[in-house]
Structure formats: C-alpha cells, structure tokens
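Beneath this line is the structure, given in structure tokens, with notes to follow.
Each reported figure results from applying straightforward, stated rules to the coordinates on display, with no laboratory input. Keep in mind that this is a model prediction, so the values were computed, not measured. Note: ideal-geometry Cβ built from the backbone for every residue, glycine included; neighbour counts use all protein chains shown.
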Amino acid sequence: MQILLSPQQLQLAILRLAHHLTENYESLAAFVFIGIQPRGVKFSDKLVEAIRQIRPEQTVLYGVLDITFYRDDFRGELHKANKTDIPFSIEGRNVVLIDDVLYTGRTIRAALDALQDFGRPKKVELCVLVDRRFNRELPIQPDYCGKAIDSIVSQKVKVEWEREEVVLY
C-alpha cells in the first residue's frame, strides 16, 4: 500500500482543479458540471463546492449521472442503478464530466453515451482526480487532472473519502 495523496494533498488537488476550471472562463453561465455515479460524486461534490466558493456571485449548474445501463464491461450480472439528477438542459452547453479515477476509459465512454439522452452539448471536457496513465483501452484523456500516476494492471487505486486520502494497492 502506498499513499498517493495525503489528506492535505487531496484538499490542495481539489482546490487547484477548482481554480484551473474557473481561471479558463470568465463566466460559468455556459457550463454545467456533472459527476459520474457512483464514485465520482464525492469528488465532484467537493470540487463544485470549491468552485462555488471561488465564484460565489455566479450560479454553478451541477448534476449527477448514472451510467449503469450504458456500460459495456458488465456482462451477465445484475446491477443496481444509481440516481441520475440533471435538472437542466445540456443542449449547447459546455459539460465538464467529473470522475475520481480514469483507468481504462470505459466509464467515460459510457458517460458520453448517457449524456446524449440529455441533449447535444457544445463541448465535453473531462476532469479526474487521478489519471492512471498507460492503462487505457479507449483513446480518452483528461482535460483536468489532480494527479497522474504510472501503475500496472494488478494494482488498484482507491479514493478513501473516510480518511480523505488516495491509496495505491
């Protein structure tokens, strides 16, 4: 076990990503932030809260997306769906998809498919806390990344929200 981000480093990564997201755009009016269920939601909650603190005068549209029935890597298993809550249109808007760990890219592909049910966004960007480089099965890369790591297939990256740290097993 190796700690990739300590509690202090995790908070700094979230704050840095929030600043990076808000620095690039003067107004957040054309943006929506969408956390991917289930594991991306805790990260996206914290990230969106940091964005709201940086830009308290602006409305930040935030929703969560369940991708259970869009996945292609679950075969022959029964899966319980999570909640999708997107109470706004994404039509013609810039969407920032938020997830905790980018590994094979299949979760993001499923999220892109699921987004199509809510309209056609102008642009989709990807924000992840941890990018496991060199493990991709699909050509997907993050636009915003808290930490990029090199790992092998047998290793696992877990964001431990109870202890507020990121661990490599």
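If you average the sequence gap of Cα pairs under 8 Å that are 6 or more apart and divide by the length of segment 35-121, what percent do you get for the contact order?
Rounded, it is 38 percent for segment 35-121.
What's the center-to-center distance, using Cα atoms, between segment 46-74 and segment 104-121 in Å?
So the two Cα centres are separated by 14 Å.
Taking one equal scatterer on every alpha-carbon of segment 1-62, how large is log10 of I(q)/I(0) by Debye at q = 0.13, 0.16, 0.28 1/Å?
-0.37, -0.54, -1.26
How large is the helix-only mean residue ellipticity at 222 nm for the chain, computed as the sum of -39500 (n - 2.57) over DSSP H runs with n ≥ 4, divided by its residue count, in deg cm²/dmol to the nearest 500?
For the chain, the value works out to -8000 deg cm²/dmol.
Taking 0.36 nm per residue of separation and subtracting the Cα-Cα distance, what length does fully extending ASN24 through ASP150 add? Display every interim value, and only then the final one.
Values: separation 126, 0.36 × 126 = 45.36 nm, distance 2.75 nm.
Taking 0.36 nm per residue and subtracting the Cα distance, the gain is 42.6 nm.
Treat every Asp and Glu Cβ in segment 46-169 as -1 and every Lys and Arg Cβ as +1, leave all other atoms uncharged, and give the resulting dipole magnitude about the Cα centre to the nearest 20 debye.
180 debye
Measure up LYS46/LYS147; LYS42/LYS147; LYS83/LYS147; LYS83/LYS158 against 19 Å on the Cα-Cα distance and list the ones that go over.
LYS83/LYS147; LYS83/LYS158
Under 18 Å Cα-Cα from LYS123, which aspartates and glutamates qualify once same-chain neighbours fewer than 8 residues away are excluded?
By straight Cα distance, LYS123 reaches GLU23, GLU26, GLU91, ASP99, ASP113, ASP143.
Based on the mean of other beta carbon atoms within 10 Å per residue, what is the order of 120-131, 93-104, 23-34, most packed first? Working shown, then result.
Numbers: 120-131: 19.9, 93-104: 22.3, 23-34: 15.5.
Top to bottom by mean Cβ count within 10 Å: 93-104, 120-131, 23-34.
Hey, how many Å between the Cα centroid of segment 1-35 and the Cα centroid of segment 137-152?
15 Å
Note the full-extension length gain between ARG136 and ARG16 as 0.36 nm times their separation in residues minus their Cα-Cα distance, in nm to one decimal. Write out the running numbers ahead of the final one.
Numbers: separation 120, 0.36 × 120 = 43.20 nm, distance 2.48 nm.
Gain on stretching ARG136 to ARG16: 40.7 nm.
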